[in-house]
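Undergrad: Attaching a single structure in C-alpha cells format; questions to follow.
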Amino acid sequence: MDDVFRAVKVTDRVYWVGAVDWRLRHFHGYLTARGTTYNAYLVLADKMTLIDTVKAPFKKEMLDRIASIVDPKEIKYIVSNHSEMDHSGCLPDLMASLKPEKVFASMMGVKALKEHFHLDGVTRVKDGETLSLGNASLVFAETKMIHWPDSMFAYLPEDQLLFSQDGFGMHLASSERFDDEIDSSLLEYEGAKYFANIILPYAPLVTKLLERVAGLKWNMKFIAPDHGPVWRKDVDKILGLYAKWAAQKPAKKAVVAYDTMWQSTAMMARAISEGLEAGGLAVKVMPLDVCHRSDVMTELLCAGAFVVGSPTMNNQVYPTVADLLTYVRGLKPKNLVGAAFGSYGWSGEAIPQIIDVLKAMKVDVVADGLRVLYVPDEAVLVQCRALGADVAEKVRSNVG
Amino acid sequence: MQKWICDVCGYVYEPGAGDPDNGVSPGTAWEDIPADWVCPVCGAPKSDFSLIG
C-alpha cells in the first residue's frame, strides 16, 4: 500500500481522509485564492462508514488516506450529505469498486445523485432519522437549501461531532487540519468569504437552522465541514459568526464598485468615497478590472452601502459591472443603501439600468444616479462627494 | 386561481402550469393538489408554502 498520504485522526473513531487542492483558483465564479480542501471522513464503527467523498481527480489521495488505516473494502456505508460533485465526485466509482452495503442520502439527494450520475441504489434517510452503525450512530438533519435541496447534516452523538458538509466551511488549502492550528483572523476572513458567496441567499434558513440545532440540544465539540479546517477549539465562534452574518444587520461601511473606460468614472468613484469617508463610513473602493466579484461580495457581507459606477458602452452597462450585478443580485444581500454613478458619451443608459437592478434587489437607492458627460470638472466631483455624504447619512441612520 | 410560493426555496406554484412531471396537471388549483405533493425544486411539503394571490 502507498504510504505517502495518511489519514488524520480527529477522534478515536473519526479520521479525516480527504484531499488538499493547492492549485484551485476558480470555483464556479468564486476566486479561491488560497486553494481548498475536499474533506471526507471515515467513521470507524462496526459498520465502517465514509462521510462524503472528494472531487473525482483526487480519488487516489482519498483512497490512499483510507488505506493507511483500513482496507477500503471494509467500508460498509457511504453517506452523501451533499450531491455537488466536489463531494460526490468519487461516489459512482466507489459504489462500483467497494460495493458498500448501503449508500445514504436525503430524499432530494437520492434524486440529485440520479440526475448527476444516472445511478440507482441510494437509500433515502429521513429528517431526524437515526442510523445505527453498531457501536456508534448518526442522526440526520435535513438542511434544505443550505445551500442545495439535497443538503443535510449528520451528527455523531458518541463523539459530539457534526458532519456539516458545506456549512461552516471555507476554501483554504492548508497542511493544518484544525481551527486551533490556523490564524483566527484568516479563518474569519475565508469563512466570511464562503458565507457571502455561497450561503448568503439562504440566510433566513440559516437563522432557522441555528435555532433548530439549539433546540435539538446537540452538544458540539467538533464541527467537521467538507471544506477547510475542522472546528474543535472555537465551535462557538463559527456558530456565532453564522448567526451574525445571517442576520445581515447593516454596518458603517460602504463598497464602491466600478469600472472605467477613460478614468472619468474612476475620478467620480474617488470623490464619492471621500464623501462616504467624511460621513463616517469605512470605504472599500473596488475597481472591477482588478477586483474579483467574489471579493466584492465578501466586502458586502457586513456593509451598509453598495455604490455602483459604470460607463455606458454601446447603450449597455459596462460588461464587468453587469457581471458583478448579476452575481451580487443572485446572492440576495439585504439592508443596503445604494447609488449609481458614471460618465457617458452620448446616451448614458447604464445608470438607469443599474438603478433598476438595485431596486429589484430592494436596495434603498439614494438619488436618481449621478451622470456626467465625458470628463467631470471640479463642480461635478463636489456633487459626487455630496452623494457619498448622503449615502453615509442614510447608512448611519440605519445602523442607529 | 391563486399562486403559492415555497418558503424554503422560492419556487412558485402557478395553477395554469401545474406540475405535470409530478402528476399535477395544468389548471389544478392549490387546494386540489394531493397532500403528499412536495416542492419539485427542494422537496418542501405543502405546509411550507405561502399564498401570494
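Just so you know, all these numbers are worked out from the coordinates, no wet-lab data involved. Predicted, not measured: the structure shown is a model, and the values here were computed from it. Heads up, the Cβs are rebuilt from the backbone with ideal geometry, glycines too, and the neighbour counts pull from every protein chain shown.
Undergrad: Distance in nm between label sites at A:GLU378 and A:ASP183, each 7 Å beyond Cα in the beta-carbon direction?
TA: 4.3
Undergrad: Continuing with the same structure: Taking a label point 7 Å from the Cα of A:TRP262 along the Cα→Cβ vector, which residues of region A:339-374 have an amide N closer than 19 Å to it?
TA: A:341-351, A:371-374
Undergrad: With viscosity set to 1.567 mPa s and temperature to 4 °C, compute the Stokes-Einstein D of chain A, Rh being the Kirkwood radius across alpha carbon pairs; µm²/s, no decimals. Working shown, then result.
TA: Details: Rh = 22.6 Å.
In µm²/s, the coefficient is 57.
Undergrad: A follow-up question, please. How far, in nm, would the chain grow between A:VAL8 and A:ASN315 when pulled straight, counting 0.36 nm per residue and subtracting the alpha carbon separation?
TA: 104.9 nm
Undergrad: Of A:HIS147, A:HIS82, A:HIS26, which is the most mobile in a GNM of chain A whose springs link Cα atoms less than 10 angstrom apart?
TA: Of A:HIS147, A:HIS82, A:HIS26, the most mobile in the Gaussian network model is A:HIS26.
Undergrad: Separate question: Quick check: the distance between the Cα centres of region A:100-136 and region A:152-221, to the nearest angstrom?
TA: Cα centroid of region A:100-136 versus Cα centroid of region A:152-221: 22 Å apart.
Undergrad: Counting only other residues whose beta carbon sits under 10 Å from that of A:LYS144, what net charge do I get with K and R as +1, D and E as -1?
TA: Value of the local net charge: -4.
Undergrad: Something else now. For peptide A:94-106, compute the average count of partner chain beta-carbon atoms within 10 Å of each residue's beta-carbon.
TA: Average neighbour count from other chains, rounded to a whole number: 0.
Undergrad: Using the alpha-carbon centroid of each, what span in Å lies between region A:346-400 and region A:273-307?
TA: Taking the Cα centre of each part, region A:346-400 and region A:273-307 sit 14 Å apart.
Undergrad: Taking the highest mean first, how do the peptides A:103-113, A:161-171 order by number of other beta carbon atoms within 10 angstrom per residue?
TA: Values: A:103-113: 22.9, A:161-171: 26.2.
Ranking the peptides A:103-113, A:161-171 by packing returns A:161-171, A:103-113.
Undergrad: Most fluctuating residue of A:ILE351, A:ILE198, A:ILE69 in a GNM of chain A with Cα springs under 10 Å: which is it?
TA: A:ILE69
Undergrad: Peptide A:141-153: average number of partner chain Cβ atoms within 10 Å per residue?
TA: 3
Undergrad: Then there's this: When Lys and Arg each count +1 and Asp and Glu each count -1, what net charge do the other residues less than 9 Å away from A:PHE163, Cβ to Cβ, add up to?
TA: Result for the neighbourhood of A:PHE163: -2.
Undergrad: Okay, helix-only estimate at 222 nm for chain A: each DSSP H run of n ≥ 4 adds -39500 (n - 2.57), divide by all residues, round to 500 deg cm²/dmol; what do you get?
TA: After summing the helix terms and dividing by residue count, I get -11000 deg cm²/dmol.
Undergrad: Just checking the output field for B:39-46: average partner chain Cβ neighbours within 10 Å of each residue's Cβ?
TA: 4
Undergrad: Then there is this: Filter chain A for me: DSSP H helices, axial length by Cα at least 24 angstrom, mean Kyte-Doolittle hydropathy not below -0.5. List them by residue number.
TA: In chain A, the long hydrophobic H runs are A:378-399.
Undergrad: Next question, about the same structure. Sort out for me the Cα centre separation of region A:27-73 from region B:1-35, rounded to whole Å.
TA: 40
Undergrad: Residues of region A:90-105 with backbone nitrogen within less than 17 Å of a virtual label 7 Å along the Cα-to-Cβ line of A:GLU158, please, listed as ranges.
TA: From region A:90-105, the list is empty.
Undergrad: Quick check on packing: order A:191-197, A:237-243 by the mean number of other C-beta atoms within 10 Å, highest mean leading. Mind dumping the intermediate values first?
TA: Values: A:191-197: 24.0, A:237-243: 16.9.
Ranking, from highest mean packing down: A:191-197, A:237-243.
Undergrad: Starting from the 7 Å offset along Cα-to-Cβ, what nm value, one decimal, do you get for the label separation of A:ASP289 and B:VAL41?
TA: With each label placed 7 Å out from Cα toward Cβ, I get 3.8 nm.
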